[in-house]
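A.B. asks: Dropping the structure in here first, questions after.
The numbers here are math on the coordinates, done by the rules we state, and not lab data. Values in this document were obtained by computation on a predicted structure and should not be read as measured data. Here the Cβ is made from the backbone with ideal geometry for all residues, glycine too, and neighbour counts use every protein chain on show.
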Amino acid sequence: MSAALSDLKLAKEYIGKPANSLPSPAFIVDKSRVANNVRRMLTKVADPSIAAALATTANPTRTLTFRPHIKTLKSLEVTRAALGYSINGPAHDLAVADLPKFDAVVASTLAEIRGVKALVQEGILKDIIYGVPVSRSHLPELSALRKEYSALIPGFNLSLFVDDVGQLELIDTAAIPDDSPWQVVVKIDADEHRAGARVGTPEFEALIKEIESSPLATLRGFYAHAGMSYDAWDLAAVQQHLARELGAVTGAATSARTILKSESHSFLLSIGATPTAHALSHPDVQALAQTGLHADDTLELHAGNFVALDLQQVSTSLAALDDVACWLQAETVGYYPTRGVSGGPEYLLNAGVLALTREPGHGDPSKVEMARGLARARVPWEASTTGWVISRVSQEHGILERVGPVTGSESEAELKPWKLGDKVALYPQHACIIAAMHKFYFVVDGGDTVVDVWEPWKFW
């Protein structure tokens, strides 16, 4: 971020001006694309055929619920939209009156939980899961936030993640006098090996028993996240990850009932990642309802990246490049006509690791073109469709390289689509990471004019 834009007031001076006039590098969000992405997801969640598949004689009104993860575009405006309300604020809610409304989120940082206070005050957010296993240093503030928000809205709930008995000991030792018991959600390892308890192990049984015996914890449910679905290249591969998620949480619930010797326990079962959420369909839910879902369990879908999307999501084939709602705008500062692969051209841009990150694409670029490079340029219309990607980065500079060999038949526009000083729009491989690098989001609304500036929740 330019020193000239170190203050929000100064940043807002660009409202009404062309995005191309922004100092670079600048992070741009198209709120109309965000709204479209949200509509697509919430419409899927509210599909009547899914509700019909979940309904049982014992629980005829059961439906699929939704909990957006707010880690991607960490802002009040986008979180509000992800819950089914207007991205433009309460005065515009009538425009999205047809969308289903939800009142729960997953947060990965204390900053995010602090940031959503206005939505709690508005009365549209009542339920937060702190989506990383609890740490000792965070418990006092989590406890304070729970008390503060509970005073703002009746029935407010802040739940904690656990996957180890040691975390329950932390809750016990860090307890503040008069603390009510924490509702805890057990993170399940669905073969991702990032975090989570393994069902069927002695450790899982010990964890369930410890929660049951703890005076400061109650078991709310189970949560699985198919992070490896980002590596999938097509619908069939994504559905395999979805099946593992579904099996993981239903297996955990069944095992917990056996351990507790009680069939009366009902649980929240939360599954999802943006690819598997996009892939969820009526047959998946129908099969689950018939084989592994307890009559009183609540099935919940969670996803985070869906609001923005990125090249990793496009690589799964479940999103299109025109759905990607954010990009980095950088500037050409150097041109090298024969330095690239096979003697092709390269540009030097004024955006490196600290603006773009070093997050690679997922998958084999020879099979999935969008997996190539650290970011992909949106090429001017007069140039060919040959791709230009960020192939390598240093701290403050990135190399934009033309994909493919030079044949000698290319036009000048194909080999040099930008002049020095031109702005280049770069679609990121991973929107969640690149968004976290920027102090402000410059907002457009389907065009090239800056209409707003959002200040995201930074750090922890």
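A.B. asks: What percent of all Cα-Cα pairs in segment 32-307 falls into each 10 Å bin, going from 0 up to the bin containing the maximum distance?
C.D. replies: Reading upward from the zero bin: 7, 29, 37, 23, 4, 0.
A.B. asks: Please arrange H278, H265, H225, H362 by how many other C-beta atoms lie within 10 Å of their C-beta, fewest to most.
C.D. replies: Values: H278 24, H265 16, H225 27, H362 21.
Lowest count first: H265, H362, H278, H225.
A.B. asks: While we're looking at this one, here's another question. Whose amide H sits under 5 Å from the amide H of Q183, counting only residues 5 or more places off or on another chain, with H placed in the peptide plane?
C.D. replies: For Q183, the qualifying residues are L160, T218.
A.B. asks: Any idea what % of Cα-Cα pairs in the chain are farther than 32 Å? Don't skip to the end; give the middle numbers.
C.D. replies: On the way: 45268 of 105570 pairs.
Result: 43 percent of Cα pairs exceed 32 Å.
A.B. asks: Might you report the magnitude of the Cβ-based charge dipole of the chain about its Cα centre, with Lys and Arg at +1 and Asp and Glu at -1, to the nearest 20 debye? Provide the component values of the computation, followed by the final result.
C.D. replies: Details: 41 positive and 53 negative charges, 100 e Å.
Roughly 480 debye for the chain.
A.B. asks: Enumerate the helices in the chain for which the Kyte-Doolittle hydropathy averages -1.0 or more and the C-alpha atoms extend at least 15 Å along the helix's axis, using complete DSSP H runs.
C.D. replies: Details: long enough: 31-45 (21 Å, -0.65); 139-152 (20 Å, -0.08); 202-213 (16 Å, -0.24); 235-260 (37 Å, 0.55).
Membrane-span-like by this criterion, though nothing is claimed about a membrane: 31-45, 139-152, 202-213, 235-260.
A.B. asks: Hey, which aspartates and glutamates would be in cross-link range of K17, C-alpha to C-alpha under 20 Å, not counting anything within fewer than 8 residues on its own chain?
C.D. replies: Filter leaves D7, D30, E331, D422, D445, D448, D452, E455.
A.B. asks: Can you put M370, M41, M437 in order, fewest other beta carbons within 10 Å first? Kindly include the intermediate steps, with their values, before the conclusion.
C.D. replies: Values: M370 26, M41 21, M437 18.
Result, fewest neighbours first: M437, M41, M370.
A.B. asks: In nanometres, what is the gap between the two model label sites at A111 and S213, each 7 Å from Cα along Cα-to-Cβ?
C.D. replies: 4.0 nm
A.B. asks: A follow-up question, please. Rounded to the nearest 500 deg cm²/dmol, what is the calculated helix-only ellipticity per residue at 222 nm for the chain, with -39500 (n - 2.57) per DSSP H run of length n ≥ 4? It would help to have the intermediate numbers written out before the result.
C.D. replies: Values: 16 runs with 140 residues, N = 460.
After summing the helix terms and dividing by the residues of the chain, the value is -8500 deg cm²/dmol.
A.B. asks: May I pose another question? Hey, which of these cross-link pairs are over 30 Å Cα-Cα: K187/K261; K12/K44; K74/K187; K117/K439?
C.D. replies: Details: K187/K261 21 Å; K12/K44 36 Å; K74/K187 23 Å; K117/K439 20 Å.
Table pairs above 30 Å Cα-Cα are K12/K44.
A.B. asks: Right, something else. Using a cut-off of 17 Å between alpha-carbon atoms, which aspartates and glutamates can reach K209, once sequence neighbours fewer than 8 places away in the same chain are excluded?
C.D. replies: Within reach: D163, D164, E169, D172, E263.
A.B. asks: Put +1 on the Cβ of every Lys and Arg and -1 on every Asp and Glu Cβ in segment 311-429; which of L426, G404, L354 then has its Cα farthest towards the positive end of the dipole?
C.D. replies: In segment 311-429, that residue is L354.
A.B. asks: How big is the antiparallel share of DSSP beta bridges in the chain, given as a percent to the nearest 5?
C.D. replies: Values: 29 of 63 bridges.
Taking every DSSP beta bridge within the chain, about 45 percent pair in antiparallel fashion.
A.B. asks: For K147, which aspartates and glutamates qualify as cross-link partners when the Cα separation must be under 15 Å and same-chain residues fewer than eight apart are set aside?
C.D. replies: Qualifying aspartates and glutamates at Cα under 15 Å: D127, D178, D179.
A.B. asks: Please arrange C432, C326 by counting, for each residue, the other beta carbons lying within 10 Å of its beta carbon, fewest first. Numbers along the way, then the final one.
C.D. replies: Working: C432 21, C326 24.
Going from least to most buried by this count: C432, C326.
A.B. asks: Mind putting a number on the dipole of segment 311-429 about its Cα centre? Charges go on the C-beta only, +1 for Lys and Arg and -1 for Asp and Glu, and I need it in Debye to the nearest 20.
C.D. replies: Values: 11 positive and 14 negative charges, 44 e Å.
Charge dipole of segment 311-429: 220 debye, to the nearest 20.
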